[in-house]
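Below is one structure, written out as structure tokens, with a few remarks after it.
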Amino acid sequence: MTRDSASGAAFEAAVQSHAADQASRPGFALVQAWQGMDLAGIRRHLVAALRAVGIDEADDDARFLIGHVLEPVSLAQALADAALWSWQDATRLADLAALRLQRVPLSQILGSKPFWTLDLKVTGDVLTPRADTEALVEAVLARCADKPLHMLDLGTGSGAILAALLSERPAWTGQGVDLSPAALAVAQQNIDACALTARAQLARGRWGESLRGHSFDLVVSNPPYIVREVLARLEPEVRDHEPALALDGGEDGLDAYRVIMADLPRLLRPGGWFALEIGYDQGAAVLALAQAAGLTALECLPDLSGHDRVVLGRAVLQNG
Ligand code: GLN
């Protein structure tokens, strides 16, 4: 073999290696499929591709992904004016869309999720804030006025509940506790972005363990409550991409409630409130745990779909 053909073969191998790298890039197949398409065509193709992997909200997801790439131009504007859509936009869209096709949650791809009146940062280290949890925020706000109150959010995750409540109640202060340092980093960014830094303090800890000697007028939590065996059957977005720490409630889904309920009488000041998010079928069990812990004024409230979603109540006003 001559020197020339040897280096020719080496170069060919290098080209092949690069081509293989390119082909393994998540958006590569989409970029190939979209050659020569305008935005309307790409949108149609993307909706069909999302639907084909089992995503029900394919229309909405395509709209959000395209909107994210177009920002601040709207989809309607870009559909009406071809000059507002470039091939560079298409390749950026392909990389994001490829993640969605792998069932990465939209919130993690976009990096944020609206919750209450806020737009919160989301990563794979935190549970994506859900509309269900707004039922808890609403229930607390309906019962607790804007006068000085110190609250605690156990397992704060993204900080969603803490941030939503403090943003509505300027006289309140609060603490957020989470076992995950990565979650706390996200929560801190949300607290800071909501201009709540001066009123919210975050700390690493397992439930109330790090809070010896502290007491609160209000304790809230959206603890992990999925029955462990059910976790494996959840949609891939949740099962594969959201933190198990925020979802796995143990054998019967009630592990976290047992710990929290046992701690509430110590954590709550006399007459203080608690509000916990629950699974749709956990109302009776969690109410029973609250009763056993000596908590009073117990209520179980539904979310907007009519499912039991919040158990709340109070610590007795005084002992004896
Ligand atoms: N509501 C969430 C879900 O069903 C679970 C949240 C939790 O365990 N706290 O995905």
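All of LEU247, LEU317 fail the test of being open to solvent by less than 50 Å² (accessible area, probe 1.4 Å), touching a strand residue (DSSP E or B) at 6+ places or on another chain (Cβ under 9 Å) and either among the acidic types (Asp, Glu) or at negative phi (or both), apart from LEU247. Criterion applied to ALA275, ALA256 was being away from the ligand (no atom under 13 Å from the Cβ) and in contact with a Gly (Cβ under 9 Å, 6 or more places away or on another chain), and the one residue passing it is ALA275.
If you check GLN108, GLN77, which single one turns out to be of a type outside the set (D, E, K, R), part of a helix (DSSP H, G or I) and touching a His at 6+ places or on another chain (Cβ under 9 Å)? Full working, then the answer.
On the way: GLN77 fails: touching a His at 6+ places or on another chain (Cβ under 9 Å).
None of the others qualify; the one that does is GLN108.
Let's see how each residue does on (1) open to solvent by 10 Å² or more (accessible area, probe 1.4 Å); (2) away from the ligand (no atom under 16 Å from the Cβ); (3) hydrophobic (A, V, I, L, M, F, W, C):
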| position | (1), (2), (3) |
| --- | --- |
| GLU71 | yes, yes, no |
| ASP95 | yes, yes, no |
| ALA98 | no, yes, yes |
| LEU101 | yes, yes, yes |
| ALA135 | yes, no, yes |
| LEU152 | no, yes, yes |
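For segment 193-207, the criterion of being under 27 Å from LEU301 (Cα atoms), open to solvent by 10 Å² or more (accessible area, probe 1.4 Å) and part of a helix (DSSP H, G or I) is met by no residue. More than 25 Å from the chain's Cα centre (by Cα) and of a type outside the set (S, T, N, Q): does that describe GLY272? Judged against the criteria, GLY272 is a match. Scanning segment 259-278 for residues that are within 12 Å of PRO223 (Cβ to Cβ) and surrounded by fewer than 21 Cβ atoms within 10 Å (Cβ to Cβ) yields VAL259, ASP263. For HIS214, state whether it is open to solvent by 20 Å² or more (accessible area, probe 1.4 Å), in contact (Cβ under 8 Å) with a residue 60 or more places away in the chain, within 16 Å of the ligand (Cβ to nearest atom) and in contact with a Gly (Cβ under 9 Å, 6 or more places away or on another chain). When the stated conditions are applied, HIS214 does not pass them. Just to verify a result, which residue in segment 117-132, among those that are part of a loop (DSSP other than H, G, I, E, B) and within 16 Å of the ligand (Cβ to nearest atom), is nearest to ASP192 (Cα to Cα)? Going through the qualifying residues, I end up with VAL122. Filtering segment 222-234 to residues that are more than 9 Å from the ligand (Cβ to nearest atom) and either surrounded by 21 or more Cβ atoms within 10 Å (Cβ to Cβ) or not in a helix (DSSP H, G or I) (or both) leaves VAL227, ALA232, ARG233.
The values are calculated or read from the model by the stated rules, or taken from the named source; none is laboratory data. Please read all numbers here as calculations on a predicted model, not as lab measurements. We place every Cβ from the backbone using ideal geometry, glycine too, and count neighbours over all the protein chains shown. Surface accessibility is based on the protein's heavy atoms, side chains included, excluding ligands, DNA and RNA. Shrake-Rupley method; radii C 1.70, N 1.55, O 1.52, S 1.80 Å.
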